[in-house]
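Please read the structure below before turning to the comments.
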Amino acid sequence: MTNATKAKQKKKASKAAASSGRGRSSSTWIAIAAVVGVVVLAAMFFSGGGDGDDGFAPSAAGTVSIDREGGGMLAAGEAIPDFEAPALSGGDTIRWADVEGSPTVLAIWAPWCPHCQAELPRLSAAVDERPGVQLVTVATAFGQAPGPTPPEYMRDEGLSFPVAVDDADQTLLSGFGVESFPTTYYVASDGTVVTATTGELQEAELAAILDDLATR
């Protein structure tokens, strides 16, 4: 084999090695990029999938109170206990004493709860069809499962009803005896419970309850 032939073979071998190295390097970077993408998507999912910059936090300790310390759901005929908590809209406090006096739907919900996400728009629309009935809600149990924050959910659904924000100790959840979501109290103008429900209702059932409530 001549020196020229040997030189050509060495040159080919060097090019092949360089090409193989570039291939391995490209594969490595593609794998790293894929892993980073999965991590970012997982972080978005477990943080609720939102932009995370709405500044939401549970109400501060000492700003939420209720004149009841649990004991299960309220039964028909029982009075809604006085309560107060900061409003989701900011700057205000929602007090039961300020809203009682007319037929009221009081819904207690969690932003990650799929039944709440489905029920609240229907409930809001049904109440809007009955001018004599008002809707007040309590958001609670934050961060117990992946999902939107309350501001994200309200914004995404185009909802604007009053929302009282529970604290990290879940003071209102405990006081209202909530065991599943949503828990909804249909309250007569005298402040007593007419009907209490949990979960989603069929449209006809919801309409019947609200039509009865409107006469109370």
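The values are calculated or read from the model by the stated rules, or taken from the named source; none is laboratory data. Owing to the predicted nature of the structure, the values given are computational and were not obtained by experimental measurement. Cβ coordinates were reconstructed from backbone atoms using ideal geometry, including for glycine residues, and neighbour counts include every protein chain displayed.
The table that follows gives values for the structure above.
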{"read-out": "Only one of ASP212, ASP167 that is free of Cβ contacts under 8 Å to residues at least 40 places away in the same chain and among the charged types (D, E, K, R)", "value": "ASP212"}
{"read-out": "Filtered residue count, the range 89-99, keeping only those that are assigned to a loop (DSSP other than H, G, I, E, B) and crowded, with 20+ Cβ neighbours inside 10 Å", "value": "0"}
{"read-out": "Test: residue in the range 137-144 that is of a type outside the set (Val, Ile, Thr), in contact (Cβ under 8 Å) with a residue 24 or more places away in the chain and closer than 20 Å to THR195 by Cβ", "value": "no"}
{"read-out": "Candidates GLY90, GLY175 - the one that is in contact with a Gly (Cβ under 8 Å, 6 or more places away or on another chain) and either modelled with pLDDT of 95 or more or closer than 16 Å to VAL64 by Cα (or both)", "value": "GLY175"}
{"read-out": "Residue list for the range 109-125, restricted to those being touching a strand residue (DSSP E or B) at 6+ places or on another chain (Cβ under 9 Å) and either not assigned by TED's automatic domain parsing to the domain that holds ALA87 or not aliphatic (A, V, I, L, M) (or both)", "value": "TRP109, PRO111, HIS115, CYS116, GLN117, GLU119, SER124"}
